[in-house]
1. Please verify whether the stretch 231-239 includes one or more residues that are closer than 29 Å to Met52 by Cα, β-branched (Val, Ile, Thr) and under 18 Å from the mean Cα position of the chain (by Cα).
2. Starting from the stretch 171-196, keep only residues that are more than 23 Å from Pro236 (Cβ to Cβ), then list their pairs with residues that are among the small types (Gly, Ala, Ser) and in a helix (DSSP H, G or I) whose Cβ atoms are within a distance under 6 Å, requiring at least 6 positions of separation or different chains.
3. Give the residue that is surrounded by the fewest Cβ atoms within 10 Å (Cβ to Cβ), with candidates limited to residues of the stretch 133-150 that are aliphatic (A, V, I, L, M) and modelled with pLDDT of 80 or more.
4. Could you check how many residues of the stretch 252-271 are modelled with pLDDT under 75 and either within 21 Å of Ala131 (Cα to Cα) or part of a helix (DSSP H, G or I) (or both)?
5. Are any residues in the stretch 68-89 over 21 Å from the mean Cα position of the chain (by Cα) and modelled with pLDDT under 95, and if so, which ones?
6. Inspect the stretch 102-121 for any residue being surrounded by fewer than 21 Cβ atoms within 10 Å (Cβ to Cβ), outside any loop (DSSP other than H, G, I, E, B), of a type in the set (Phe, Trp, Tyr) and touching a residue at least 12 places away in the same chain (Cβ under 8 Å) and give the result as yes or no.
7. Which of the residues spanning the stretch 94-116 are at pLDDT 85 or above and not hydrophobic (A, V, I, L, M, F, W, C)?
8. Go through (1) of a type outside the set (A, V, I, L, M, F, W, C); (2) within 18 Å of Thr245 (Cα to Cα); (3) buried (at least 24 other Cβ atoms within 10 Å of the Cβ) for Arg44 and report which single condition fails.
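The values are calculated or read from the model by the stated rules, or taken from the named source; none is laboratory data. Everything numeric in this text was worked out from a predicted model, so none of it was measured. Methodologically, a virtual Cβ is constructed for each residue, glycine included, from the backbone with ideal geometry; neighbour enumeration extends over all protein chains shown.
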Amino acid sequence: MKPRAHQLLMDFLLLLVAFFWGTTFIIVKSAVSQVGVYEFLLARFILAFVLMLALFHKRIRPVHGPTVLAGVVLGIILFAAFAFQTWGLTLTTATNTAFITGLNVIMVPILSFILLRRPPAPLAGGGVLLAAAGLYILTGGAPTRWTPGEFLVFMCAVSVAFHILLTGHYAVHLEAIALATWQLGTVAALSFGFSLARGTLNVQFPVSVWATAGFTAVFATVFAFAVQTHAQRYTPPTRTALIFTAEPVFGALFAHGYGGELLLERHLIGGGLIFLGMVLAQIRPQVWSRINALTQKVLPESPNKPSRVSPSLGPEA
């Protein structure tokens, strides 16, 4: 597969991950209204960890120490992200949770510049600005008084930004599937530990909660983190974060269609800006040159101005 086609495939898979993540906000909100946050995370991530071991045991063995250590580090950050987000869902709406989680798109390039001295490419930077404007509109502007739930979800967004950056660092050097497996196992272990410490360990869930745990384990966890860890071997953190800005859009649409939450005009405008930002980031400088050359061919030249593009030679170098 050609490099450009392979990159587009990775982008599509990351967009599919954002879709699955977006669909989970409203159904997880329903689940954690019936069971504890850490107990639900335990069920979701232990199912995901066992499934990863069953499907990819050949790629996980032999156990590689640096991969396990990196997986534990990523797992701790991932646990923080999901704990903050799931806890926040109990205190605010699924739509607000989706949008505030999406603020990580602004944090990733900022943290990348501060920590790694890697400024985003010009087009990607423009895409991030559009996406940031979209998220600003979606959330109704900067809140003057955040509720506890919104603050918890904001901390989730910070954790997600760090997770994307570190995944991009580790995934280049380590086996992607093994790395994803050990971080899921870490989240399961931490969820068990927190449940035990709080004295709330109980997995006698209603059937609907087990169904939600199963769906999120398969599609929003095993598939999602296996794809993300593999794709970030080829996709820069800023680009990954930009693609993931689709998550709040999918989340709002699903919360509206499935959960009956209001979908306002600002949600539609903000979502449109997010997708414009994603498209802008996909256009490489070479494509702009081709568009400019095609425009010069189609539009009539001034009779007193020599043509800059030769039909036989194509665009200028």
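1. Taking the stretch 231-239 as the starting set, the residues that turn out to be closer than 29 Å to Met52 by Cα are 231-239.
Filter once more, so that each one left must be β-branched (Val, Ile, Thr): 235, 238.
This time we only want the ones that are under 18 Å from the mean Cα position of the chain (by Cα), so: 235, 238.
Within the stretch 231-239, one or more residues are closer than 29 Å to Met52 by Cα, β-branched (Val, Ile, Thr) and under 18 Å from the mean Cα position of the chain (by Cα).
2. These pairs meet every condition: Trp182/Gly71; Leu184/Ala48; Thr186/Gly75; Val187/Gly75.
3. Restricting attention to the stretch 133-150, the residues satisfying the condition of being aliphatic (A, V, I, L, M) are 133, 135, 137-138, 142.
Remaining after also requiring modelled with pLDDT of 80 or more: 133, 137.
Numbers: Ala133: 16, Ile137: 20.
Among those that are aliphatic (A, V, I, L, M) and modelled with pLDDT of 80 or more, it is Ala133.
4. First pass over the stretch 252-271, keeping only residues modelled with pLDDT under 75: 259, 261-264, 266-267.
Now drop any that are not either within 21 Å of Ala131 (Cα to Cα) or part of a helix (DSSP H, G or I) (or both), which leaves 263-264, 266-267.
Of the residues in the stretch 252-271, 4 are modelled with pLDDT under 75 and either within 21 Å of Ala131 (Cα to Cα) or part of a helix (DSSP H, G or I) (or both).
5. The initial filter retains those residues of the stretch 68-89 that are over 21 Å from the mean Cα position of the chain (by Cα), namely 68-69.
Passing the criteria: none in range.
6. Within the stretch 102-121 (the criterion being surrounded by fewer than 21 Cβ atoms within 10 Å (Cβ to Cβ), outside any loop (DSSP other than H, G, I, E, B), of a type in the set (Phe, Trp, Tyr) and touching a residue at least 12 places away in the same chain (Cβ under 8 Å)), the answer is no, since none of the residues qualifies.
7. Thr97, Thr101
8. Looking at each condition in turn, Arg44 falls short on (2).
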